[in-house]
Amino acid sequence: MNPARLVRRPWRLLAEASALLIAVVVAFPLYWMVLGAFKPAGEIESSEPRPWTLDPSLDSFRRVFEQNEFGRYFVNSLVVACTVVIASALIAFLAATAVTRFRFRFRTTLLIMFLVAQMVPVEALTIPLFFLMRDFGQLNTLGSLILPHIAFSLPFAIWMLRGFVKAVPEAIEEAAYIDGASRSRFLWQILFPLVFPGLVATSVFSFISAWNDFLFAKSFIISDTSQSTLPMALLVFYKPDEPDWGGVMAASTVMTIPVLIFFVLVQRRLVSGLGGAVKD
C-alpha cells in the first residue's frame with residue numbers, strides 16, 4: 001500500500017467526519033421543526049422535551065389548513081416567488097449580456113455598483129422603500145413585494161450570469177452571424193441555452209428570498225390581509241400570551257415543501273450552474 005495514501009487517509013476521515021457533523025447541525029433544526037409539527041400539544045408544552053414522539057398527531061396540520069386565509073396566503077406567496085424568479089432571470093440575462101458583450105461608458109462603474117448594492121442591508125432600505133411604495137400607490141398589493149425583491153435579486157444575478165456569458169466564446173457568436181442568424185436569434189436560441197444552468201442557480205436564491213420574506217410582507221401589507229403571504233400566516237399561530245407552537249411548526253413545514261420541490265426539480269441544473277460559477 002502506498003505510504004502517502006496512508007498519510008492522507010486520516011485527514012480525509014477527519015474531513016468527512018467534519019462534513020457529517022456540519023450536516024447534522026444544519027439538519028437538526030429542520031428535524032425539530034417537523035417533529036414539533038407531529039407532536040401532540042402535551043409533548044410540545046412539556047418541560048422535558050424529547051427528540052422523538054411515540055404518539056404522532058396531525059392536529060397541528062389540521063389547525064393550519066382550517067385557517068380560512070391559508071390557501072390565499074399560499075397562492076400569494078407562489079405568485080410573488082414565481083414572478084420574481086421569471087422577471088429577475090430575464091432581466092439579469094439581458095443585463096449580463098449587455099455588460100459582457102458590449103463596450104460603453106461607465107461599464108466598469110456599473111459593475112462596481114452591482115457589487116456595492118449587495119453590501120447594503122435590506123433593513124436599511126425598508127423605510128425608504130415604504131415611502132416609495134406609498135407614493136406609487138403600491139401598498140397593500142403584491143406589487144410592493146414583487147418589485148423590491150426583483151431589485152434586490154438583480155445585482156447578484158447579473159454578476160453571476162456575467163461569468164457564464166463571458167465563458168461563451170465569441171467565435172460561436174461570429175459563426176452564428178455568418179450563418180445568417182440575427183442578434184435576437186443568437187441571444188435566445190444559442191446563448192440562452194448555454195447560460196441556462198447559471199439562470200437556474202440564480203433563480204434558486206431569488207425563489208428562496210421571495211418565498212421566505214417576512215420583512216417586506218410585514219412592512220408593506222398593512223391593512224389588506226388578502227394580499228398577505230405565507231410568512232404572515234405564522235403570526236396567526238403566534239400569540240404573546242398563548243403561542244401555538246404546534247401550529248407554527250406545522251405551518252413552517254408546509255412552507256418548506258415547495259422549496260424542497262423546487263430544489264428537486266432543478267438540482268441537476270443547479271449543480272452544473274454552481275460548478276460553472278466556481279470554475280469561472
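Find me the longest stretch of the chain that has none of the exposed GluC sites (Glu not before Pro), where exposed means in a DSSP loop (not H, G, I, E or B) with at most 14 other Cβ atoms within 10 Å.
70-280
For the chain, what is the mean residue ellipticity at 222 nm derived from helices alone (per DSSP H run of n ≥ 4: -39500 (n - 2.57); sum divided by total residues; nearest 500 deg cm²/dmol)?
-25000 deg cm²/dmol
Classify region 46-179 as rounded, prolate or oblate from the Cα gyration tensor: take a ≥ b ≥ c as the square roots of its eigenvalues, call it rounded if a/c is under 1.5, otherwise prolate when a/b beats b/c and oblate if not.
In terms of gyration-tensor shape, prolate.
Report the net charge of residues surrounding SER226, where surrounding means a beta-carbon distance below 14 angstrom and charges are Lys +1, Arg +1, Asp -1, Glu -1.
Net charge in that neighbourhood comes out at -1.
For ASP241 and VAL34, what does the FRET efficiency come to when R0 = 22 Å and r is the distance between their Cβ atoms, rounded to the nearest 0.05?
With a Förster radius of 22 Å, E is 0.25.
Which one of ILE91, PRO56, HIS149 is farthest out on the positive end of the charge dipole of the chain, using unit charges on Cβ (Lys, Arg +1; Asp, Glu -1) and the Cα centre as origin?
ILE91
Can you compute the FRET efficiency between THR256 and PHE192 using 1/(1 + (r/R0)^6), with r the Cβ-Cβ distance and R0 = 35 Å? Round to the nearest 0.05.
About 0.70, to the nearest 0.05.
Say R0 is 35 Å: what FRET efficiency, to the nearest 0.05, do THR141 and THR108 get from their beta-carbon distance?
Calculated transfer efficiency: 0.40.
Which value results for Rg/Rh of region 10-56 when Rg is the Cα radius of gyration and Rh the Kirkwood radius based on the inverse mean 1/r?
1.21
Between the alpha-carbon centers of region 185-264 and region 56-81, tell me the distance in whole angstrom.
If you average the Cα positions of each part, the centres end up 13 Å apart.
With a 1.4 Å probe and every protein chain left in place, work out the accessible area per residue of the chain in Å², rounded to a whole number.
Accessible area per residue: 61 Å².
Identify the trypsin sites (Lys or Arg not before Pro) of region 89-143 meeting these criteria: DSSP loop state and at most 13 other C-beta atoms within 10 Å of the C-beta.
Qualifying residues, ordered by number: ARG103, ARG105.
Which one, ILE44, ALA15, VAL26, is farthest towards the positive end of the dipole of region 10-56 when Lys and Arg carry +1 and Asp and Glu -1 on their Cβ?
ALA15
Just read off the accessible area of VAL264 with the full protein assembly in place, 1.4 Å probe, to the nearest 10 Å².
90 Å²
In whole percent, how big is the carbon plus sulfur part of the accessible area of the chain, probe 1.4 Å, protein atoms only?
Carbon with sulfur: 67 percent of the solvent-accessible area.
What's the magnitude of the charge dipole for the chain around its Cα centre, counting Lys and Arg as +1 and Asp and Glu as -1 at the beta-carbon? Answer in Debye, nearest 20.
Computed about the Cα centre, the dipole is about 1400 debye.
Do any chymotrypsin sites (Phe, Trp or Tyr not before Pro) in region 83-156 lie in a DSSP loop with no more than 13 other beta carbon atoms within 10 Å, and if so, which?
Answer in residue order: PHE102, PHE104, PHE106, PHE136.
Along Cα→Cβ, 7 Å out, is where each label goes; now give me the distance between the ones at ILE222 and ALA15 in nm to one decimal.
Spacing of the two 7 Å Cα→Cβ label points: 5.5 nm.
Apply the Karplus parameterisation 6.51 cos²θ - 1.76 cosθ + 1.60, with θ equal to phi minus 60°, to every residue of region 69-76 and state each ³J(HN,Hα) to the nearest whole Hz, in sequence, with x for glycine and proline.
Taking θ as phi minus 60°, the curve returns 9, 5, x, 5, 4, 4, 5, 4 Hz for region 69-76.
Between SER182 and ALA117, 0.36 nm times their residue separation minus their Cα-Cα distance comes to what?
Additional length available on full extension: 20.0 nm.
Tell me the chymotrypsin sites (Phe, Trp or Tyr not before Pro) within region 179-244 that lie in a loop according to DSSP and have at most 15 other beta-carbon atoms within 10 Å.
Of the chymotrypsin sites (Phe, Trp or Tyr not before Pro), the ones in loops of region 179-244 whose Cβ has at most 15 other Cβ atoms within 10 Å are PHE214, TYR238.
In a GNM of the chain with a 10 Å cut-off on Cα contacts, which of SER18, SER209, SER252 has the highest mean-square fluctuation?
Among SER18, SER209, SER252, the largest GNM mean-square fluctuation belongs to SER18.
The values are calculated or read from the model by the stated rules, or taken from the named source; none is laboratory data. Predicted model, so just to flag it, every value in this text is computed and none were measured. Here Cβ is always computed from backbone atoms with ideal geometry, including for glycine, and neighbour counts include all displayed protein chains. Heads up: the accessible areas ignore ligands, DNA and RNA and are worked out on the full protein's heavy atoms, side chains in. Shrake-Rupley method; radii C 1.70, N 1.55, O 1.52, S 1.80 Å.
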